[in-house]
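Where a number appears in this text, it was derived from the coordinates with a stated rule and is not lab data. This one's a predicted model, so the numbers in the text were calculated from it and none came from an experiment. No Cβ is skipped: glycine too gets one built from the backbone with ideal geometry, and neighbour counts run over all protein chains shown.
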Number of protein chains: 2
Amino acid sequence: MTAGKDIDQWVTPEQLEVWRLLIRAQSRVLRRLEGDLLSKHDLPLAWYDVLVRLLEADDRRLRMSELAERVMLSPSGLTRLVDRMVEEGLLERTQAERDGRGFYAVLTDAGYERLREASGTHLRGVHDYVVGRFDDAELATLSQLLRRIDP
Amino acid sequence: MTAGKDIDQWVTPEQLEVWRLLIRAQSRVLRRLEGDLLSKHDLPLAWYDVLVRLLEADDRRLRMSELAERVMLSPSGLTRLVDRMVEEGLLERTQAERDGRGFYAVLTDAGYERLREASGTHLRGVHDYVVGRFDDAELATLSQLLRRIDP
């Protein structure tokens, strides 16, 4: 809401404007990044994110619950997404050996290859749309301010 | 990807860290805001966003295509969301009079009331999780940096 008691109490108009700028900047960047991945590699951004998280994990595998946490999806949302990626051969699901509870998502060679093809596009976007727009001092300032939000 | 040629070419490790900080800060804030709205008002953040956009619009109504653009959802995603909000009485759908093409989403009195109840919670969260963590000079700096991303 843009007017009234609640705003006067909690958030000034200037603060609200910065908040909206933050939301809008983030949304636009994510849409551009997803647009590039879809048009050049037919790969949704959420899929790219899953592939990266698995590449970075030990043995290229993560428990579904841990993967959901890292890509910030609900367990049910991640299950649907992983099912589709398994169908396309980018991931495998294996049962957790040690305690028999739950499943791992595992990066396949095809998944690795797909990620390798797409990563240049994605990182170029991260550069062009965001980090390449700042010099080192500005990046340090931005980093410092963001850590205030997410210590 | 965290290593290799592509990173060296487009994004330095320091740049990548700031990018990830930005993504993570945003995700955490949105999850906290949604958690507060769900626990206190049983209202998803996307619903709140739709209610606010309609409150701000002339006659508290927007064309579906315009609303989709403002809340940054796909047309099909917005249609599903609006359907559920209509079922709960928070919105109405009316046919566009002038040219007969498309539909408007319209805020109902019940929708306005639901927004009024929830707005204090939401704005308190925006204050506590984000804007209240900065002084005026820092907010101005943040604003200036964000405009570089989203001019």
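State log₁₀ I(q)/I(0) for the protein assembly as shown at q = 0.09 Å⁻¹ as given by the Debye formula over alpha-carbon point scatterers of equal weight, solvent excluded. Reported log10 I(q)/I(0), two decimals: -0.53.
The same position B:R93 in the other copies lies at 3.3 nm from this copy, comparing label points 7 Å beyond Cα toward the beta-carbon, shortest first. For the peptide A:115-123, the mean number of other protein chain Cβ atoms found within 10 angstrom of a residue's Cβ is 4. Distances, shortest first, from the label point of B:G77 to those at the same position in the other copies read 0.9 nm; the point lies 7 Å along Cα to C-beta.
Overall, the anisotropy analysis places the stretch B:27-94 in the prolate class: the square-rooted eigenvalues a ≥ b ≥ c of its C-alpha gyration tensor yield a/c not less than 1.5, with a/b exceeding b/c.
Here the chain B residue lying nearest the rotation axis onto A, judged by its C-beta and given with the distance in whole angstrom, is B:Q26, 2.
Per-residue shielding of B:28-35, expressed as the average number of other chain Cβ atoms within 10 Å of the residue Cβ, stands at 2.
With a ≥ b ≥ c taken as the square roots of the eigenvalues of the C-alpha gyration tensor of the stretch A:12-66, please select rounded if a/c is under 1.5 and otherwise prolate if a/b is larger than b/c or oblate if it is not? Can you show the working numbers first?
Values: a/c = 4.60, a/b = 1.75, b/c = 2.62.
Here the stretch A:12-66 falls in the oblate category.
Taken as Cα centroids, the stretch B:107-143 and the stretch A:49-100 sit 34 Å apart, rounded to the nearest whole angstrom.
In nanometers and ordered shortest first, the copy-to-copy spacing of the A:R31 label point, defined 7 Å from Cα toward Cβ, is 2.5.
The long axis of helix B:136-149 is offset from the longest Cα principal axis of chain B by roughly 90 degrees.
Mean residue ellipticity at 222 nm from the helices of chain B, using -39,500 (n - 2.57) per DSSP H segment of n ≥ 4 over the full residue count, to the nearest 500 deg cm²/dmol?
Values: 7 runs with 103 residues, N = 151.
The helix contribution divided over chain B gives -22000 deg cm²/dmol.
Calculated on C-alpha atoms, the gyration radius of chain A divided by its Kirkwood radius gives an Rg/Rh of 1.07.
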